[in-house]
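The values are calculated or read from the model by the stated rules, or taken from the named source; none is laboratory data. Just so we're clear, the structure is a prediction, and the values are computed from it rather than from any experiment. Virtual Cβ from ideal backbone geometry, glycine too; neighbours counted across all protein chains shown. Calculation scope for accessible area: heavy atoms of the full protein, side chains included, ligands and nucleic acids excluded. Shrake-Rupley method; radii C 1.70, N 1.55, O 1.52, S 1.80 Å.
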Amino acid sequence: MKTSQLKENEYSVFNATYIKAAGEVELVEELEICLHDFIRFVQNLPMDKFDYRYAEGKWTIKEIIQHIIDTERIFAYRALRISRNDSTPLPGFDENYFAQNTNGNSRSIQDLLMELSAVRHSNLLLFKSFSEEQLLREGIASDHPITVRAIGFMLIGHQKQHQKVFGERYL
(Lines give C-alpha, C1' and ligand atoms only; values in the text may rest on other atoms or scores of the structure.)
Protein backbone atom coordinates (compact mmCIF):
# COMPACT_ATOMS: atom_id res chain seq x y z
CA MET A 1 0.00 0.00 0.00
CA LYS A 2 1.45 3.35 -1.09
CA THR A 3 0.82 6.90 0.03
CA SER A 4 -0.68 7.79 -3.36
CA GLN A 5 -3.52 5.32 -2.72
CA LEU A 6 -4.86 7.50 0.09
CA LYS A 7 -7.86 9.66 -0.63
CA GLU A 8 -7.99 13.19 0.79
CA ASN A 9 -11.08 12.33 2.86
CA GLU A 10 -9.09 9.71 4.82
CA TYR A 11 -7.36 12.31 7.00
CA SER A 12 -7.76 15.90 8.18
CA VAL A 13 -6.16 18.98 6.66
CA PHE A 14 -3.90 19.19 9.75
CA ASN A 15 -2.65 15.65 9.14
CA ALA A 16 -2.01 16.33 5.45
CA THR A 17 1.36 17.79 6.50
CA TYR A 18 2.42 14.39 7.84
CA ILE A 19 1.05 12.50 4.85
CA LYS A 20 3.01 14.79 2.53
CA ALA A 21 6.16 14.45 4.67
CA ALA A 22 5.95 10.67 4.36
CA GLY A 23 6.56 10.94 0.62
CA GLU A 24 5.55 8.34 -1.95
CA VAL A 25 6.37 5.20 0.01
CA GLU A 26 5.08 1.71 0.73
CA LEU A 27 3.58 1.66 4.23
CA VAL A 28 5.04 -1.38 5.99
CA GLU A 29 8.41 -1.17 4.27
CA GLU A 30 8.86 2.52 5.11
CA LEU A 31 7.79 2.07 8.74
CA GLU A 32 10.95 0.00 9.14
CA ILE A 33 13.32 1.86 6.81
CA CYS A 34 12.65 5.34 8.18
CA LEU A 35 13.22 4.13 11.76
CA HIS A 36 16.71 2.95 10.86
CA ASP A 37 17.39 6.17 8.95
CA PHE A 38 16.27 8.23 11.94
CA ILE A 39 18.39 6.30 14.44
CA ARG A 40 21.47 6.62 12.21
CA PHE A 41 20.78 10.33 11.78
CA VAL A 42 20.45 10.94 15.53
CA GLN A 43 23.52 8.85 16.37
CA ASN A 44 25.58 11.06 14.04
CA LEU A 45 24.51 14.30 15.73
CA PRO A 46 27.06 16.09 17.91
CA MET A 47 26.55 15.20 21.59
CA ASP A 48 26.13 18.84 22.56
CA LYS A 49 23.00 19.13 20.39
CA PHE A 50 20.83 16.68 22.36
CA ASP A 51 20.03 19.25 25.08
CA TYR A 52 20.15 22.29 22.76
CA ARG A 53 17.14 24.59 22.24
CA TYR A 54 17.31 26.78 19.14
CA ALA A 55 14.99 29.31 20.84
CA GLU A 56 13.47 29.87 24.24
CA GLY A 57 10.50 27.59 24.83
CA LYS A 58 11.45 25.18 22.03
CA TRP A 59 11.97 21.49 22.71
CA THR A 60 15.37 19.83 22.87
CA ILE A 61 16.19 16.93 20.58
CA LYS A 62 15.68 14.58 23.54
CA GLU A 63 12.24 16.08 24.17
CA ILE A 64 11.35 15.73 20.50
CA ILE A 65 12.35 12.07 20.49
CA GLN A 66 10.19 11.55 23.59
CA HIS A 67 7.38 13.36 21.74
CA ILE A 68 7.79 11.03 18.75
CA ILE A 69 7.57 8.02 21.10
CA ASP A 70 4.43 9.37 22.78
CA THR A 71 2.82 10.17 19.43
CA GLU A 72 3.65 6.70 18.08
CA ARG A 73 1.84 5.15 21.02
CA ILE A 74 -1.21 7.37 20.65
CA PHE A 75 -1.45 6.88 16.88
CA ALA A 76 -1.06 3.10 17.26
CA TYR A 77 -3.84 3.03 19.87
CA ARG A 78 -6.08 4.91 17.47
CA ALA A 79 -5.22 2.53 14.62
CA LEU A 80 -5.93 -0.49 16.82
CA ARG A 81 -9.29 0.83 18.02
CA ILE A 82 -10.41 1.80 14.53
CA SER A 83 -9.16 -1.45 12.97
CA ARG A 84 -11.31 -3.39 15.44
CA ASN A 85 -14.42 -1.47 14.33
CA ASP A 86 -14.63 0.55 17.53
CA SER A 87 -16.69 3.56 16.51
CA THR A 88 -15.99 5.57 19.67
CA PRO A 89 -14.64 9.00 18.74
CA LEU A 90 -11.05 9.21 20.00
CA PRO A 91 -9.85 12.38 21.69
CA GLY A 92 -6.92 14.51 20.65
CA PHE A 93 -3.97 15.20 22.88
CA ASP A 94 -1.98 18.29 23.77
CA GLU A 95 1.61 17.56 22.77
CA ASN A 96 2.86 20.55 24.74
CA TYR A 97 1.24 19.28 27.93
CA PHE A 98 2.76 15.85 27.28
CA ALA A 99 6.22 17.40 26.73
CA GLN A 100 5.99 19.34 29.99
CA ASN A 101 5.27 16.11 31.84
CA THR A 102 8.07 13.83 30.67
CA ASN A 103 11.61 13.32 31.81
CA GLY A 104 13.03 13.13 28.29
CA ASN A 105 15.91 15.47 29.03
CA SER A 106 17.12 13.35 31.94
CA ARG A 107 17.27 10.20 29.80
CA SER A 108 20.21 9.07 27.73
CA ILE A 109 19.93 9.31 23.98
CA GLN A 110 20.54 5.55 23.81
CA ASP A 111 17.55 4.85 26.07
CA LEU A 112 15.32 7.12 24.02
CA LEU A 113 16.37 5.52 20.74
CA MET A 114 15.94 2.03 22.21
CA GLU A 115 12.42 2.88 23.34
CA LEU A 116 11.57 4.44 19.99
CA SER A 117 12.84 1.32 18.26
CA ALA A 118 10.77 -0.95 20.51
CA VAL A 119 7.61 1.10 20.00
CA ARG A 120 8.11 1.29 16.22
CA HIS A 121 8.79 -2.44 15.95
CA SER A 122 5.59 -3.09 17.88
CA ASN A 123 3.74 -0.75 15.50
CA LEU A 124 5.35 -2.42 12.51
CA LEU A 125 3.98 -5.77 13.68
CA LEU A 126 0.59 -4.17 14.32
CA PHE A 127 0.38 -2.76 10.80
CA LYS A 128 1.60 -6.04 9.29
CA SER A 129 -1.26 -7.78 11.10
CA PHE A 130 -3.98 -5.62 9.54
CA SER A 131 -5.98 -6.97 6.63
CA GLU A 132 -6.78 -4.75 3.65
CA GLU A 133 -10.28 -4.35 5.09
CA GLN A 134 -8.92 -3.23 8.45
CA LEU A 135 -6.52 -0.73 6.85
CA LEU A 136 -9.48 0.90 5.09
CA ARG A 137 -11.61 1.22 8.22
CA GLU A 138 -12.50 4.74 9.21
CA GLY A 139 -12.98 6.26 12.61
CA ILE A 140 -12.96 9.64 14.29
CA ALA A 141 -9.83 10.98 16.01
CA SER A 142 -9.38 14.56 17.19
CA ASP A 143 -12.87 15.32 15.80
CA HIS A 144 -11.90 14.33 12.24
CA PRO A 145 -12.41 11.21 10.11
CA ILE A 146 -9.31 9.08 9.65
CA THR A 147 -8.49 5.65 8.26
CA VAL A 148 -6.14 3.10 9.75
CA ARG A 149 -3.83 3.27 6.74
CA ALA A 150 -3.66 7.07 6.96
CA ILE A 151 -2.51 6.72 10.57
CA GLY A 152 0.32 4.45 9.41
CA PHE A 153 1.52 7.02 6.90
CA MET A 154 1.20 9.72 9.56
CA LEU A 155 3.61 7.77 11.80
CA ILE A 156 6.16 7.90 9.00
CA GLY A 157 5.55 11.54 8.12
CA HIS A 158 5.54 12.72 11.73
CA GLN A 159 8.97 11.21 12.31
CA LYS A 160 10.34 12.53 9.00
CA GLN A 161 8.98 16.01 9.69
CA HIS A 162 10.83 16.17 13.01
CA GLN A 163 14.02 14.81 11.44
CA LYS A 164 13.82 17.59 8.86
CA VAL A 165 13.47 20.17 11.66
CA PHE A 166 16.54 18.70 13.38
CA GLY A 167 18.55 19.38 10.24
CA GLU A 168 17.14 22.87 9.71
CA ARG A 169 17.09 24.25 13.25
CA TYR A 170 19.41 22.22 15.45
CA LEU A 171 22.54 21.80 13.33
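Percent of accessible area on the stretch 65-156 owned by carbon and sulfur, 1.4 Å probe?
That fraction is 52 percent.
Which trypsin sites (Lys or Arg not before Pro) in the stretch 80-114 pass both tests, a DSSP loop state and at most 13 other beta-carbon atoms within 10 Å?
For trypsin sites (Lys or Arg not before Pro) across the stretch 80-114 that sit outside H, G, I, E and B with at most 13 neighbouring Cβ atoms in 10 Å, the list reads ARG84.
How much area per residue is accessible in the stretch 33-83 when the probe is 1.4 Å and only protein heavy atoms are counted (Å²)?
Details: 2390 Å² over 51 residues.
Counting only protein heavy atoms, the per-residue value for the stretch 33-83 is 47 Å².
Considering Cα pairs under 8 angstrom that are at least six residues apart, work out the relative contact order of the chain and quote it in whole percent. Walk me through the numbers before you get to the answer.
Working: 202 pairs, mean separation 70.9, N = 171.
Once normalised by length, the contact order is 41 percent.
Please identify the helices of the chain, taking whole runs of DSSP H, that span at least 18 Å along their own axis as judged from the Cα atoms and have a mean Kyte-Doolittle score of -0.5 or higher.
Span-like helices here: 27-43, 61-83, 109-129, 148-165.
For LYS62, list the aspartates and glutamates whose Cα falls under 19 Å from its own Cα; do not include residues on the same chain fewer than 8 positions away.
Leaving aside aspartates and glutamates fewer than 8 places away in the same chain, those within reach of LYS62 are ASP37, ASP48, ASP51, ASP70, GLU72, ASP94, GLU95, ASP111, GLU115, GLU168.
Once amide H atoms are placed 1.01 Å from N in the peptide plane, what residues at a sequence separation of 5 or more from ALA141, or on another chain, have their amide H within under 5 Å of its amide H?
Under 5 Å from the amide H of ALA141: LEU90, ILE146.
Kirkwood Rh over Cα pairs of the stretch 72-171 into Stokes-Einstein at 20 °C, 1.002 mPa s: D in µm²/s?
In µm²/s, the coefficient is 143.
Nothing charged except the Cβ atoms of Lys and Arg (+1) and of Asp and Glu (-1): what's the magnitude of the dipole of the chain about its Cα centre? Round to the nearest 20 debye.
120
On a straight-distance basis, which lysines could pair with LYS7 in a cross-link, Cα separation under 16 angstrom, same-chain partners fewer than 8 positions away excluded?
Filter leaves LYS20.
Report, in deg cm²/dmol and to the nearest 500, the calculated mean residue ellipticity at 222 nm for the chain, where each DSSP H run with n ≥ 4 adds -39500 (n - 2.57) and the sum is divided by the residue count.
-19000 deg cm²/dmol
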